[in-house]
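Have a look at the structure below, then the notes.
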Amino acid sequence: MIATRRSQGDGWMLVAALLGIGAVLVTIVTHPQAGSALAPGSGGSSALDWQPGLGLHEGWRAWTAAWVHWSNAHLAVNLLGAAVVGAVGWRARAPRAAALAWFVAWPLTHLLMDAPDGAHLAQSLRHYGGLSGVLHAGVVVLGLTLAWPRAFDTLRPPPESEPAESRSPGDTVIEPSRITEGPWAMTSLEELSAASFAHSRLRHAPPSLTAAQAARHRLIGAALLAGTLAKVLLESPWDLSLRPNSLLGIDVAPLAHACGIAAGALAWCAVAGGTQLRLRAARTREGASR
């Protein structure tokens, strides 16, 4: 899997754009008057939102439910969240595999909402819509990618100055991250990878970090994961009851946030596992050809 420096992070931004633009378009279509609010299940939203049990038979709902909003305040907050998650992932040059994991977690978030106590859920959460569950999934994917950057390691041809024959099968490289640029600079995921795996043969990798830098920036990913998990646990998602929110003008479903965390972790593990299998196969083929 070969990716140029410019392309890194673009896939992540594309997923964020699909979420945001889709939400705006669906809101325009389902809200007949600007500034109006609709009750859950009313208007055209009833054909697009997530409904326990029904969504398993009408697969499009696993995608379109994220675009449904019943208040402009809820839409605005979710659009801001999508912009922030998208921008952070782009600055970090989240690899395409991470973007794929987030994309997979999108429908999986809603599918997992049918897992707990279906009868109770069908009564308390007849209709669900919004980006919040999928955004939680995106934060988890990004946190895991920060904490374990080499999970999405990929092979790349050596520079033109070095013959391909002189490159060993274990040599890998990932492009520098935008989060190292500017006054807000952080250490890149790739430099962190080089420091944490100094024993591996990264002939073309960026300069290694100090142990302190490596530890500090691994903590960034761990902090994202811990903070998101703590937030959702404080919401008591095991209680399937909805939480009225006067600011957003809707009832919030903590279950969706918990399902987003689970979906993000599952999708990340699946994509990372597939990436490593392809990488090992490529190394094996390269080694056999020498």
Could we say that Asp153 is at pLDDT below 85, of a type outside the set (Lys, Arg), farther than 22 Å from Leu75 by Cα and open to solvent by 10 Å² or more (accessible area, probe 1.4 Å) here? no
Using beta carbons and a limit of 9 Å, which pairs, at least six apart or on different chains, have the first residue in region 95-107 and under 13 Å from Leu144 (Cβ atoms) and the second one part of a loop (DSSP other than H, G, I, E, B) and open to solvent by 10 Å² or more (accessible area, probe 1.4 Å)? Pro95/Met1; Pro95/Ala3; Pro95/Gln8; Pro95/Thr154; Pro95/Ile174; Pro95/Glu175; Ala97/Met1; Ala97/Thr154
Taking the options Pro237, Pro244, name whichever one is part of a loop (DSSP other than H, G, I, E, B) and at negative phi. Pro237
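Residue-by-condition table, conditions (1) more than 26 Å from Gly9 (Cβ to Cβ); (2) open to solvent by 20 Å² or more (accessible area, probe 1.4 Å); (3) at pLDDT 65 or above:
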{"residue": "Pro183", "(1), (2), (3)": "no, yes, no"}
{"residue": "His217", "(1), (2), (3)": "no, no, no"}
{"residue": "Leu225", "(1), (2), (3)": "no, yes, yes"}
{"residue": "Pro237", "(1), (2), (3)": "yes, no, yes"}
{"residue": "Ser241", "(1), (2), (3)": "yes, yes, yes"}
{"residue": "Gly249", "(1), (2), (3)": "yes, yes, yes"}
{"residue": "Ala272", "(1), (2), (3)": "no, no, yes"}
{"residue": "Leu277", "(1), (2), (3)": "no, yes, yes"}
{"residue": "Thr284", "(1), (2), (3)": "yes, yes, yes"}
Kindly list, by first and then second residue, each pair from a residue in region 210-225 that is within 12 Å of Leu146 (Cα to Cα) and of a type in the set (Val, Ile, Thr) to a residue that is assigned to a helix (DSSP H, G or I) and modelled with pLDDT of 60 or more, limited to pairs with Cβ atoms under 6 Å and residues at least 6 apart or on different chains. Ile220/Leu146
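The values are calculated or read from the model by the stated rules, or taken from the named source; none is laboratory data. Quick caveat: nothing in here was measured; it's all calculated off a predicted structure. Heads up, the Cβs are rebuilt from the backbone with ideal geometry, glycines too, and the neighbour counts pull from every protein chain shown. Note: accessible area is taken over every heavy atom of the protein model, side chains too, but ligands, DNA and RNA are not part of it. Shrake-Rupley method; radii C 1.70, N 1.55, O 1.52, S 1.80 Å.
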